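Notes follow once the structure below has been shown.
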Amino acid sequence: MSTPLFHRKTPNDHVDVHPSNIEIAAQMDNMQHLSSPANPPTAVHHLEVIKRADNRDGWFLSCIICLNILILGCALVSGSAFNSVAITAVHWQIFLIILLLLTMMWMVVYLAFTSRREQPGSFKDSHAGPVWLRVGLLLFGVLSLLMVIFKIANYVGYLHCDSAVKVALPVVQAVFLFVQTYFLWTHAKDCVQQHTIFSRCGLTLTLSTNLVVWIAAVTEESLHHTEIPHLASNVSYKTYRASHGDMKCKCSHSACDTFKEAFYYLYPFNIEYSLFASAMAYVMWKNVGRIVEDHGRHKAKFHLKDAVVGSVTGLLVMVAGLITFILYELDIEAEDKEKREKALLMHFVMNIVIVSLMSFCTVIGCVVYRLDQRKPISEKNPSLSLDVGLLVGASMGQLVISYFTIVAVVATRAKGYMNALNLTWAVIVVLQLGLQNYFIIEGLHREPFHVIQAPLQNNGQAFQEHTQVNGAVDNNGNGLNSYSNKPNWKRKVLKEVCAFLLLANVILWIMPAFGARPQFDHLVEMHFYKYTMWTTIVNIGLPFGIFYRMHCIASLFEVYLIS
């Protein structure tokens, strides 16, 4: 008896679901759907054209919004920094309050929509928003919240004689920190497929808002640390720029100065928080409308025992750098010229030693990469592209300062051990930046050691390549997987190099982020380029250099995990 082609399914019928059956059914359904009179090929083509048009409109409109907000924000912040009459700090603070409120409204709408609607067909980018990035965002967010609390406590003391906007901004900013941190923690991996224009515009609003916050924080922090040389001597003094407006306005409580110094020390964490949030918002914006094939992301485990030598050496460098930095900060403010010169000498020597060790270790890592047989990653993803772009772009800030220093010292033919140390530091920094960028980019673009698993032993040639890459074969000839507790020497060397470079970049981030400004204490560049030009170069390049070190820390941690 022949089997009927079609039959009605009863509730008691059992259907054997198999992946191949699902694929065949999906193909047949697509064929019937395309061949149906109600859905002719021209209709499908028309829908694809509409989708492409929506994507193009969303990209164009969101880019226009981002550019306009950024340009207007830069104009207001710059105008209030250098013009205390026509444009004051209150103007850009009102603008920033509006931006923060609009961004929070969009995030609340997005969160409400995604929580109310179940989306079983939604896509997630496994490379976006890794755990270490979200933990870093949370940590910097907590410290930024502490900074905001200190700001509120400080500005409250000036309410009787100054604008209430300066208290309203940190209050709104505190709420914004809660909302945005929760939003990015839960939705950083989203690949939005519906309402793409609305999503793109909201994400660029988030991106531009965080960048304006970053610009304002960098400007205020740079002005706080900017130094002006005294006309009669080589002693330099910090400019006191009150963020309260009129200098005649006196604080109503005695703790104002304490709170002010406290929140200035927390500025670097708020700056990094804004940049972390900007990077995550950018990746979400790139993922809007993107269909991702989720192959699963290997959850690499962090084991400190894999890099004992690099970790110990890095910790020693960090401790020595911290001691040097503290002594530098204590002696550089002294009016004794001899103490100031000793502080500068100690700072230059320590930085030269750190950067030289980093360059040497990076060369070792690059040699190991040449011996490594791992293939480069073929899959393209916005997270990796953004990491590389930020790495190269942020390094330009430190490169600019170094090259301007080299030109100034060589052109003036400055003599003396201090000028020689300054020139040596600038040259080695240029070399170290190039080597470190190459090492990190190569590491990020290599397939992890664990991607080739033991089942490859069925193929003799592939198994031989696997054992060469991982260097792990037991006594019976069976390949060991990547979870072996004894990694081969290549992995061991790469992990040691990553651990040392990570900790060395930490101390190179701490010193400039918390106030080390040898560019203003050693006056060769100041005399060559004059005060206005040199302070502009340093105040623009140094924030990018500080961010570069923090971004290297995150990237090196990623390279460590996949090595």
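The values are calculated or read from the model by the stated rules, or taken from the named source; none is laboratory data. Bear in mind the structure is a predicted one, so any value in this text is a computation, not a measurement. Cβ atoms come from the backbone with ideal geometry, glycine included; neighbour counts cover every protein chain shown. We work out accessible area using only protein heavy atoms, side chains counted, and drop any ligands, DNA or RNA first. Shrake-Rupley method; radii C 1.70, N 1.55, O 1.52, S 1.80 Å.
Being in a helix (DSSP H, G or I) and out of contact with any helix residue (DSSP H, G or I) (no Cβ under 9 Å at 6 or more places or on another chain) is the filter here, so list the residues in region 324-347 that pass it. Before the answer, list the steps.
Keep residues of region 324-347 that are in a helix (DSSP H, G or I), which gives 324-331, 337-347.
Residues satisfying the conditions are ILE326, LYS337, GLU338.
Quick test for you: out of ASN481, ASN488, ASN476, ASN539, pick the one residue that is modelled with pLDDT under 80, more than 30 Å from HIS445 (Cα to Cα) and open to solvent by 10 Å² or more (accessible area, probe 1.4 Å). Lay out the reasoning, then the answer.
Numbers: ASN481 fails: more than 30 Å from HIS445 (Cα to Cα); ASN488 fails: more than 30 Å from HIS445 (Cα to Cα); ASN539 fails: modelled with pLDDT under 80.
Only one candidate passes the filter, namely ASN476.
Would you confirm, using the coordinates I've provided, whether ARG134 is among the basic types (Lys, Arg), crowded, with 23+ Cβ neighbours inside 10 Å, modelled with pLDDT under 90 and not in a loop (DSSP other than H, G, I, E, B)?
no
How many of the residues making up region 348-374 are modelled with pLDDT of 90 or more and crowded, with 17+ Cβ neighbours inside 10 Å?
Count: 11.
Does VAL308 meet the test of being surrounded by fewer than 21 Cβ atoms within 10 Å (Cβ to Cβ), over 29 Å from ALA217 (Cα atoms) and either modelled with pLDDT of 85 or more or of a type in the set (Asp, Glu) (or both)?
Against the criterion (surrounded by fewer than 21 Cβ atoms within 10 Å (Cβ to Cβ), over 29 Å from ALA217 (Cα atoms) and either modelled with pLDDT of 85 or more or of a type in the set (Asp, Glu) (or both)), VAL308 does not qualify.
Would you mind finding the one in ALA153, ALA128 that is at pLDDT below 75, open to solvent by less than 50 Å² (accessible area, probe 1.4 Å) and in contact with a helix residue (DSSP H, G or I) (Cβ under 8 Å, 6 or more places away or on another chain)?
ALA128
Regarding LYS301, is this residue part of a helix (DSSP H, G or I), open to solvent by 80 Å² or more (accessible area, probe 1.4 Å) and modelled with pLDDT under 75?
For LYS301, the condition - part of a helix (DSSP H, G or I), open to solvent by 80 Å² or more (accessible area, probe 1.4 Å) and modelled with pLDDT under 75 - is not met.
In region 178-198, what count of residues is obtained for those that are open to solvent by less than 60 Å² (accessible area, probe 1.4 Å) and either of a type in the set (S, T, N, Q) or without any contact (Cβ under 8 Å) to a residue 60 or more places away in the chain (or both)?
The number of residues fulfilling the criteria is 4.
Out of (1) surrounded by 15 or more Cβ atoms within 10 Å (Cβ to Cβ); (2) at pLDDT below 90, what's the single condition that is false for ASP336?
All conditions are met except number (1).
Find all pairs meeting these conditions: Cβ atoms under 7 angstrom apart; at least six residues apart or on different chains; first residue within region 382-401 and touching a residue at least 24 places away in the same chain (Cβ under 8 Å); second residue of a type in the set (Ser, Thr, Tyr) and in a helix (DSSP H, G or I).
Qualifying pairs under 7 Å: LEU386/TYR282; ASP387/SER555; LEU391/SER555; ALA394/TYR548; SER395/TYR548; GLY397/TYR548; GLN398/TYR548.
If you check ASP246 against the conditions, is it under 23 Å from HIS91 (Cα atoms), among the acidic types (Asp, Glu) and modelled with pLDDT under 85?
Taking the combined requirement at face value, the residue satisfies it.
Checking ALA343 against (1) at pLDDT below 90; (2) out of contact with any Leu (no Cβ under 8 Å at 6 or more places or on another chain), only one condition comes out false. Which one?
The single condition ALA343 does not satisfy is (2).
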